[in-house]
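Reviewing the structure listed below.
The values are calculated or read from the model by the stated rules, or taken from the named source; none is laboratory data. Predicted, not measured: the structure shown is a model, and the values here were computed from it. Backbone-built Cβ (ideal geometry, glycine too); neighbour counts: all protein chains shown.
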Amino acid sequence: MSEEAVKSETPYVLRCFVNGKEESIHTTPAARLLTIVRDELSLTGTKRSCEIGRCGACMVLIDGNAVNSCLTMAYQCSEKQITTIEGLAVQGMDPIQQAFLEEGGFQCGYCTPGMIISVKALLDENPDPTDDEISEALSGNICRCTGYGGIWRAVKRAAEGRRQTT
Amino acid sequence: MLLNRASSGGRWRVRPDGPGKVTGGLAYLTDMTTDQMLYGLVLRSEHPHARILSIHTDKAKKLPGVRAILTYMDIPGLNAFGIAHPDQPVLCEERARYVGDALATVAADTLAAAQQALELIEVDYEVLEVVDDPERALLPGAPQLHPGGNELHRTVFSRGNVDQGFRDCAYIVEETYYTPRQMHTYMETEGGLFVPGEDGRLTVYSPTQHGFMDRMQLSRILAKPQEEIRIVSSPIGGSFGGKDELNVQPYGALLAMQTGRPIKIHNSRWESVRAGLKRHPMKITMKTGIDAAGKLMAHQVSIISDTGPYSTLGAEVLNFATEHVIGPYQYEHLDVKGVSVFTNNGMSGEFRGFGGNQAIFALEGQMDRLAEMAGMDPWVFRKLNMRQSDDLGPFDQPIAMTDGAKQVWEAIAKCPLWMEKQQLARMSHSGDEPWIKTGIGAAFTMHGAGLGVGIPDPAGGRLALAADGKIEAVFGYEEFGQGLLASLEQMLMEQFGFGAKDIRMIIGDTDVVPDSGSTTASRATAMMWKSLQKLKAPFSGQLLQRAAAILNRRVEQLRLAEGGIKGRSEEALLLSYKELAAAAGEPIRCETSFSFPTSSTERVGAHYMYTYSAVVVKVEVNTLTGRARVLQQYHVVAAGPVINPQGYLGQIEGGSSMALGFTLLEESIMEKGHYITRNLDSYLVPTIEDQRGLVEVEAIEQLPEGDDYGPRGIGEVGSVTLAPAIAAAIRQASGKWATKLPVEPSFLQETPFFLGKG
Amino acid sequence: MGMNIQEAMASPLVWHPQTAAEAWQLKQTYGTEGIYTSGGTLLRTQWESGISAIPRHLIDLSTIRGLNDLRIGEAGLVVGGQTSLQSCRSNTLLSRHFPMVSEAIRTIAAPSVRHLATIGGNVASSIGDSIAALLGYDAEVIWFDGTTENRTLLSEWLPEASAAKRGNERLLLSMLLPFEISLEETSVKHDDKDLTMQMKRFGAYHKIGRREAFTPSVVTACMNGVLTHNSVIKQIRIALGGGQTVPVRLEKLEKEINGAAVDGHLLRHVYERIIELFEPREDLFASAAYRKSTAANLIVAELWKAAKGETKPL
């Protein structure tokens, strides 16, 4: 079909990998990943809050990059590796999660899965980030409870932990 | 003690609700779903003020998948709610008074069908004149929003004769302060699951700060006995006062009872903005005078509070503001007046700080201006006029005496950040970017806890040894992130000797918990502490007596420990709690109920217990853009013993971040009764980049000998002093006094000095 | 209930053209029922807030071949319109040669949004915050008119593209950033005594928003120029935008000050002319007057700084 545009079929089957598992999800091509993750896959650790990409509560990893699932449409996920907060703790808790626990990097906890996803994307790409880099990476994650004090401490602790183990 | 992980040692603990939160495993009430569930939506008024001529639902009802459409005619009980005074219609009958007013509610098989049904409901409105200014609302001829007029509440407090007082003054400052309509912006919007049982009971899974209050209010609306309603209300994805009042619960409950099916409602952000509470915008005018020696002679205050269309806690917030515009200072003559006014703007209501934020911004602004006028150091000026520990409270009422004011004052006076203020050269034109100017400011408060005189303020809880050997702690409080469970666990461990694994905490379920009162007004930790103090002797005694009988030892030889009973000075476990529970005998169970301590005064709303706190803040103003940035904060809080250091630190850090937003960023903008800021793209709260500065918290724990009230509240004090401190720092940096929040960049902007005058 | 109301109501067909011509054809076929989309972040925001309805057809431009990377072309750096903003942000060619574009992109949304959003989408919106920086480098755009690819200066393309909803008739393909001529080539060979002929390039990009990060812009300001050793302006570009204002180059002012020495008189002139010439759109968050004075302050402060730095050794 080189000379003709390909149309996403409707009904549409999204094939992708979610937390390492291959999925075929019956949906529509423009359905939001947030809906798919929460309603179709019952992975409710990904939270619904502003729904316009301004708060980060719905953050997931797509091929390792932090992305707002409320802005991502099904067709944009085709054949992609999607990781939700539920996929982070594979063999026990991720050290980032442990750092948030130990430093008190959360209160109500509603922003926390998205926040941790963004930290994961940051540290995987840049294990020793500067304050500027931490701030830039987390600027799309709103936390209303902590004032970010515990989050700063948790990210630094997680980064420190990585430096010591590598 | 500077609060941090290092200084806290082993008392810095991982929260019991932490693992579920960091793994996403914890299901919030808005995450819940169930079989046979229907989706609920609410139709809200298109107009901020309108007469409702008719509502036709016929077309909507014919839509496939629609299971119920309810209007005011379908409410079995009272068509109204409101914690203090139920005057907000559940579903409006003949008049809508704001854009969040509900007209109909729909349940359908799918969200799409529910939404289509809303669009098919036909409402005929007669648009009425919008009352969007509280001052104009009080003028003769303004449209009246309620049978009693547009005044919700008035307050008056006076002493002496201010006119006389002002005649004796050497300096007088007159100023008017304006504060914004701040939004709570809890990350989890309102919602929940409403499940009717086969037994006719209704279970409500929906966040609230006081399950029993919701149960009572829903009982009135549904005309259903309270015992037939169960409220499950924790965990909560943030509240800050915003979920204390009913929000979606009436609609979920009505639809569930009507359809016999579970109903799921989860507000979109816009729905939350439109219908939800905000902080009361206030205009506070003050005239304050001092004599030549700097002593406060007269203080005259007028508060106008925009309470929006219905009461909720508007009167109580005004009472609080009235008390806190007087605050921790001593005046010869006082004259304070306040009025809370109904308008067609958004709903105002309970919000962390409860009217203190607005009052303290104005009051502390006066203190800084007066000090400057008198040529005095602002902190020395405060000391000169500050209450002594045995002085009466702001309303001349008896209060629990502490040295908090003095302790906090001294800690600030000697903190390095405050001392740096003297060294900052004002308006220096040096460096690469001379348009950036820095200043330091500080502010002080005494902040009341509890609901105050005249409002039922029950407290209490229960301890029991469960059949499986767990120590059950059962309280009617809610966990909305503040760390209530962590504090409770830590108290049980430290005061009784239990291990974390021995404990099962049960909260937020009206079928199980006693009514411990509302989780609000910085009261829950203090009330849990007091409950445990009262329960300690009887509960420990019963456990030890039972153990003594089993072990054949004397009670005095035994102690409670991690895992079970140990000998006084032995480390070996003699008897596990499980074994103790298995032994025959009456169930071991102790309950207490009492009231939050109140002052012996008739003055409604007057407080008895206070937290003293202050903050020093360093601010940078870029005069090219007029934007201000907070560089550093040093908080001092005198609130008695630190129950949970991580939680305490988090409350002050988090509260101050909200205050930073209140001062520099946040405002729900309304135009003629309509919200302009509908989501987080236009309503901006602080990001991590806005919070890069160091925040330190010094906790003063000492209480007077014999004080048995224990820890004071710390949930709100972090959010009340930062605004005036930032204003004072801006004054030092730029020479300007900010009177309106959030501070407008255009107000602080200057033409670069190198362009010269003109 | 992760589903939002808009998506419950509509599920558009999504087309994945592989060439600009296919995309164009689809747009011709569906007219107003079809919308071009790249990352879709702006569209999704508009749908959620009800500003615009979900269309029947989405024409996904991300599958058009050859538009999602940066490469060095004959005339400069070609930035494919379908390159994500985050790829641009982390691209070393861009940050080395066009640092103000990198800086502008750093201030757009947050990395998570930038992974979806594209530079083409940012420019095609005609109010994106990268535009002022692109104007500062005299960028051109390559666009498709249904038959051929065209090259136009961005500063000329913007008023056309943003006018009267005709935007979709011009399919934006790529941005072209001409490499700046290095100063060695322009300045006369000098020996150590002939300091007056030494030149310095200076430039700055500022975005002023309503908070410190992830903020809608109130003002974007970019300046790029060359100063001689005695502070004579040899080349200057000034671009201003922000909020709903389509960014502009202040070419009149540029001409007026080119060749002049930076002194108090010139700075005052620049300030006053920016207030006169810049016509920002105001809203309830910031007045036009504040936007003008902010833009003027930022530009004169950067000029002052550049001249001050230059004269220091003398």
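Brief remarks on what is shown
- Given (1) assigned to a helix (DSSP H, G or I); (2) surrounded by fewer than 17 Cβ atoms within 10 Å (Cβ to Cβ); (3) at pLDDT below 95, number of the condition C:L93 does not satisfy: (3)
- Top-ranked residue of the stretch B:545-592 - restricted to ones that are part of a loop (DSSP other than H, G, I, E, B) and among the acidic types (D, E), ranked as nearest to B:M491 (Cα to Cα): B:E562
- Test: residue in the stretch B:511-521 that is outside any loop (DSSP other than H, G, I, E, B), under 42 Å from the mean Cα position of the chain (by Cα) and surrounded by fewer than 20 Cβ atoms within 10 Å (Cβ to Cβ): no
- When A:D63, A:D94 are screened for being within 10 Å of chain C (Cβ to nearest Cβ), surrounded by fewer than 24 Cβ atoms within 10 Å (Cβ to Cβ) and closer than 23 Å to A:V37 by Cβ, only A:D63 passes.
- Residues in the stretch C:285-294 include none that are outside any loop (DSSP other than H, G, I, E, B), more than 30 Å from B:L665 (Cβ to Cβ) and out of contact with any Pro (no Cβ under 8 Å at 6 or more places or on another chain).
- Residue in the stretch B:594-605 that is over 30 Å from B:A411 (Cβ atoms), charged (D, E, K, R) and touching a strand residue (DSSP E or B) at 6+ places or on another chain (Cβ under 6 Å) present: no
- A Cβ distance below 7 Å, combined with a sequence gap of six or more or placement on separate chains, defines the contacts here; from the stretch B:718-739, residues that are among the aromatic types (F, W, Y) reach residues that are surrounded by fewer than 24 Cβ atoms within 10 Å (Cβ to Cβ) in the pairs B:W737/B:R369; B:W737/B:R731.
- Of all the listed residues (A:I25, A:I117), the sole one being of a type in the set (V, I, T) and more than 14 Å from chain B (Cβ to nearest Cβ) is A:I25.
- Test: residue in the stretch A:103-123 that is farther than 28 Å from B:S234 by Cβ and part of a loop (DSSP other than H, G, I, E, B): no
- Counted residues, the stretch B:1-58 - those being β-branched (V, I, T) and more than 14 Å from chain A (Cβ to nearest Cβ): 4
- Those residues of the stretch C:256-282 which are assigned to a helix (DSSP H, G or I) and either within 14 Å of chain B (Cβ to nearest Cβ) or modelled with pLDDT under 95 (or both), in sequence order: C:G264, C:H265, C:L266, C:L267, C:R268, C:H269, C:V270, C:Y271, C:E272, C:R273, C:I274, C:I275
- From the options A:I82, A:I117, A:I62, residue that is among the β-branched types (V, I, T), within 15 Å of the chain's Cα centre (by Cα), under 27 Å from B:I688 (Cα atoms) and in the same structural domain as A:A158 (by TED's automatic domain parsing): A:I117
- Subset tally (residues that are in a helix (DSSP H, G or I) and without any contact (Cβ under 8 Å) to a residue 40 or more places away in the chain) for the stretch C:116-140: 1
- Residue check, B:K287 among the basic types (K, R) and under 27 Å from B:R603 (Cα atoms): yes
- Filtered by the rule that a residue be closer than 15 Å to C:G243 by Cβ and crowded, with 16+ Cβ neighbours inside 10 Å, the stretch C:261-297 gives C:F278, C:P280, C:E282, C:D283, C:F285, C:A286, C:Y290, C:R291, C:K292, C:S293, C:T294, C:A295.
- Long-range neighbours under 6 Å by Cβ, at least six apart or interchain, first residue modelled with pLDDT of 95 or more within the stretch B:34-55, second among the acidic types (D, E): B:S45/B:D101; B:R51/B:E126; B:I52/B:E94; B:L53/B:D124; B:L53/B:E126; B:S54/B:D124
- Scan the stretch B:715-758 for residues that are more than 14 Å from chain C (Cβ to nearest Cβ), part of a helix (DSSP H, G or I) and in contact with a His (Cβ under 8 Å, 6 or more places away or on another chain) and the total you get is 2.
- Only a single criterion out of (1) more than 30 Å from B:K243 (Cβ to Cβ); (2) touching a helix residue (DSSP H, G or I) at 6+ places or on another chain (Cβ under 6 Å); (3) not β-branched (V, I, T) is not satisfied by B:G191, namely (1).
- Pairs where the first residue, in the stretch A:143-154, is more than 7 Å from chain B (Cβ to nearest Cβ) and the second is outside any loop (DSSP other than H, G, I, E, B) and at pLDDT 95 or above, C-beta under 7 Å, 6+ apart: A:C143/A:M115; A:C143/A:I151; A:R153/A:E103; A:A154/A:A99; A:A154/A:F100; A:A154/A:E103
- The residues of the stretch C:27-63 that are surrounded by fewer than 22 Cβ atoms within 10 Å (Cβ to Cβ), within 20 Å of A:T72 (Cβ to Cβ) and β-branched (V, I, T), listed by number, are C:I35, C:T45, C:I51, C:I54, C:T63.
- Close pairs (8 angstrom Cβ cut-off, 6 or more residues apart or separate chains): under 22 Å from B:T677 (Cα atoms) and more than 8 Å from chain A (Cβ to nearest Cβ) in the stretch C:38-57, of a type in the set (K, R) and in a loop (DSSP other than H, G, I, E, B) anywhere: none
Condition check ((1) among the hydroxyl-bearing types (S, T, Y); (2) buried (at least 24 other Cβ atoms within 10 Å of the Cβ); (3) assigned to a helix (DSSP H, G or I); (4) touching a Cys at 6+ places or on another chain (Cβ under 7 Å)) across all residues:
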{"site": "B:N345", "(1), (2), (3), (4)": "no, yes, no, no"}
{"site": "B:Q358", "(1), (2), (3), (4)": "no, yes, yes, no"}
{"site": "B:G365", "(1), (2), (3), (4)": "no, yes, yes, no"}
{"site": "B:A371", "(1), (2), (3), (4)": "no, no, yes, no"}
{"site": "B:G375", "(1), (2), (3), (4)": "no, no, no, no"}
{"site": "B:T402", "(1), (2), (3), (4)": "yes, yes, no, no"}
{"site": "B:A405", "(1), (2), (3), (4)": "no, yes, yes, no"}
{"site": "B:A411", "(1), (2), (3), (4)": "no, no, yes, no"}
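- Taken together, A:L41, A:L14, A:L33 contain a single residue that is buried (at least 24 other Cβ atoms within 10 Å of the Cβ), over 12 Å from the mean Cα position of the chain (by Cα), at pLDDT 95 or above and over 19 Å from A:V119 (Cβ atoms), which is A:L14.
- Evaluation of C:S287 against (1) touching a helix residue (DSSP H, G or I) at 6+ places or on another chain (Cβ under 8 Å); (2) more than 13 Å from chain B (Cβ to nearest Cβ); (3) of a type in the set (S, T, N, Q) (one fails), failing number: (2)
- Criterion applied to B:G626, B:G673, B:G706 was being surrounded by fewer than 24 Cβ atoms within 10 Å (Cβ to Cβ), small (G, A, S), in contact with a helix residue (DSSP H, G or I) (Cβ under 7 Å, 6 or more places away or on another chain) and at positive phi, and the one residue passing it is B:G626.
- When the stretch C:101-110 is filtered for residues that are surrounded by fewer than 24 Cβ atoms within 10 Å (Cβ to Cβ) and either in a helix (DSSP H, G or I) or without any contact (Cβ under 8 Å) to a residue 12 or more places away in the chain (or both), the ones remaining, listed by number, are C:S102, C:E103, C:R106.
- Yes/no for B:R261 being surrounded by fewer than 24 Cβ atoms within 10 Å (Cβ to Cβ), touching a strand residue (DSSP E or B) at 6+ places or on another chain (Cβ under 7 Å) and within 14 Å of another protein chain (Cβ to nearest Cβ): no
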